[in-house]
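Down below is the structure, laid out as structure tokens.
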Amino acid sequence: MTPSPQCRAAVLGAPISHSLSPRLHRAAYDWLGLPWRYDAIEVTAPHLRTFLSGLGPEWVGLSLTMPLKEVVLPLLDEVEPLALLTRAVNTVVIEGERKLGFNTDVDGLVDVLRQHGVRRGRSVSLLGGGATARSAVAALARVGASDVTAFVRRSEAGDELSALGADLGLAVRPRGWAQAAAGLGAEVVVATVPAGAGDDLAAAVPGALPGTALLVDVRYDPWPTPLAAAWGRAGGDVAGGRELLVGQAVEQVRLMTGEPVPAQVLLAALEA
């Protein structure tokens, strides 16, 4: 890819001011020597179509967060099979007039799970039923989880996760949110709920956890969440949203620029 000073990319969502994606992508561009621009732009679901149609030739890619990952699907020219299966697009690559959709959240989650020792045969509790939860099911299937119990607020979301698991060869059992506290005894807990939604569960974390008990909480602002703080105090292993953010951003940068960037470059940008 020939770099151009006019190239632009951005992360879209609502709210978006808290996003760390600009820090990560700008660090990647600096490392690659690309004079590109990357911004955080607040775009709500009803305004996404208008925003996409107004993009000029300088645009090369977009990162998407809540509430746009599913809304964007019918607005794209092509969507990779994984993103179609999970009905979640967090990356749009723009090639001329064409807009292509990808899901790099799955790659990021797989990296986090493997780095924290999750291999085949682990039982998992999944908190939440939205787009990130669907990506989590795909990631758990890829690392070989034995089974997943999904605690959801909407029964339809539970049915969707169960059907997705069946497509991926992974048993997913939906349960109501009122039973979520019981799920904290699993070997691995993956929390994908919005800010504040899982805070009440902090009081239900067992007083002592083995160090192999892993919580993956996809939130990163504010951090730690009450659930993550309680998990850490009990002696469990905690992976936060920043780890996921770096993992998915590495693949986003590769898709948008055509060049690989070491994860350490992005981690250093966060630590700075």
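So here's what we get for this one:
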{"read-out": "Answer residue from the stretch 155-181, given it is touching a strand residue (DSSP E or B) at 6+ places or on another chain (Cβ under 8 Å) and within 22 Å of Ala230 (Cα to Cα) and is surrounded by the most Cβ atoms within 10 Å (Cβ to Cβ) among those", "value": "Ala180"}
{"read-out": "Strands (runs of 3 or more DSSP E) wholly inside the stretch 51-133 that include at least 1 residues being outside the structural domain of Arg175 (by TED's automatic domain parsing) and surrounded by 20 or more Cβ atoms within 10 Å (Cβ to Cβ)", "value": "59-64, 91-95, 98-102"}
{"read-out": "From the options Ala195, Ala203, Ala229, residue that is at pLDDT below 95 and either on the phi < 0 side of the Ramachandran plot or part of a loop (DSSP other than H, G, I, E, B) (or both)", "value": "Ala195"}
{"read-out": "Pairs where the first residue, in the stretch 6-28, is over 10 Å from Ile41 (Cα atoms) and touching a residue at least 40 places away in the same chain (Cβ under 8 Å) and the second is of a type in the set (Val, Ile, Thr) and surrounded by fewer than 19 Cβ atoms within 10 Å (Cβ to Cβ), C-beta under 6 Å, 6+ apart", "value": "Ala27/Val265"}
{"read-out": "Scope the stretch 145-166; condition in contact with a Gly (Cβ under 7 Å, 6 or more places away or on another chain), outside any strand (DSSP E or B) and among the small types (Gly, Ala, Ser); matching residues", "value": "Ser146, Ala157, Gly158"}
{"read-out": "Checking Val152 against (1) at pLDDT below 95; (2) buried (at least 18 other Cβ atoms within 10 Å of the Cβ), the condition it does not meet", "value": "(1)"}
{"read-out": "Tabulated pairs, the stretch 175-199, first assigned by TED's automatic domain parsing to the domain that holds Gly211 and touching a residue at least 12 places away in the same chain (Cβ under 8 Å), second among the acidic types (Asp, Glu) and part of a loop (DSSP other than H, G, I, E, B), C-beta under 9 angstrom, 6+ apart or interchain", "value": "Ala195/Asp221"}
{"read-out": "Residue check for Val238: free of Cβ contacts under 8 Å to residues at least 40 places away in the same chain, crowded, with 18+ Cβ neighbours inside 10 Å and not charged (D, E, K, R)", "value": "yes"}
{"read-out": "Unique residue being hydrophobic (A, V, I, L, M, F, W, C), crowded, with 17+ Cβ neighbours inside 10 Å, part of a helix (DSSP H, G or I) and over 16 Å from the mean Cα position of the chain (by Cα) when the list is Ala40, Ala27", "value": "Ala27"}
{"read-out": "Boolean, Trp31 is among the aromatic types (Phe, Trp, Tyr) and in contact with a helix residue (DSSP H, G or I) (Cβ under 7 Å, 6 or more places away or on another chain)", "value": "yes"}
{"read-out": "Sole residue being closer than 24 Å to Thr104 by Cβ, modelled with pLDDT of 95 or more, of a type outside the set (Asp, Glu) and in a loop (DSSP other than H, G, I, E, B), chosen from Val238, Val261, Val265", "value": "Val261"}
{"read-out": "Filter pass, Val152 being within 18 Å of Arg122 (Cα to Cα) and in the same structural domain as Gly130 (by TED's automatic domain parsing)", "value": "no"}
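The values are calculated or read from the model by the stated rules, or taken from the named source; none is laboratory data. Remember, it's a predicted structure, so these values are computed and weren't measured experimentally. Quick reminder, even Gly has a Cβ in these numbers, built from the backbone with ideal geometry, and neighbours come from all protein chains shown.
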